[in-house]
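Only the coordinates and a few stated rules stand behind these numbers; no lab work does. The shown structure was predicted, so the numbers you read here are calculated from the model rather than taken from an experiment. Positions of Cβ are backbone-derived with ideal geometry, glycine not excepted, and every protein chain shown enters the neighbour counts.
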Amino acid sequence: MLALGVLAGPELAGQLSARETGHGTYNNGTAWATNTDRGGRFPFDGRLRADATAWRGRVGVNASYSYGSANAQAGLVGGPVREAYVRTLRWGVAYRLR
């Protein structure tokens, strides 16, 4: 028999680190590179999360999606104003101990 568990609600996530790295060339041929720490801007992110698990006995297959509310590009200097929010899709296997 297959049982389905569904969950929706808030989630609070903490940031361990954030780093911007990259390199490239401008249109005029000038090279650029960046390796900048972006941590500390938003140490916590409140998210909305939806989760579904299909159970068969003690084993389950899980899928969840969360949508963050903290703008990772807030306060950046230069360039146009942009927004970057965390959106996470998770897949996994679960096991019930009891």
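Once C-alpha pairs closer than 8 Å and six or more residues apart are averaged by separation and normalised to the residue number of the range 3-95, the relative contact order reads 26 percent.
Near residue 61: Cβ cut-off under 15 Å, other residues only, Lys/Arg at +1 and Asp/Glu at -1. The net charge is +3.
Taken about its Cα centre, the range 5-98 carries a charge dipole of roughly 520 debye when the Cβ of each Lys and Arg holds +1 and the Cβ of each Asp and Glu holds -1. Between 34, 73, 57, the Cα set farthest toward the positive side of the dipole of the chain (charges on each charged residue's Cβ, about the Cα centre) is that of 57. You can think of it this way: the chain between residue 77 and residue 34 has 14.1 nm of extra reach, that is 0.36 nm per residue less the Cα-Cα gap. Taking every alpha-carbon pair in the chain and binning the separations at 5 Å intervals from zero gives 3, 10, 14, 16, 14, 12, 10, 8, 6, 4, 2, 1, 0 percent.
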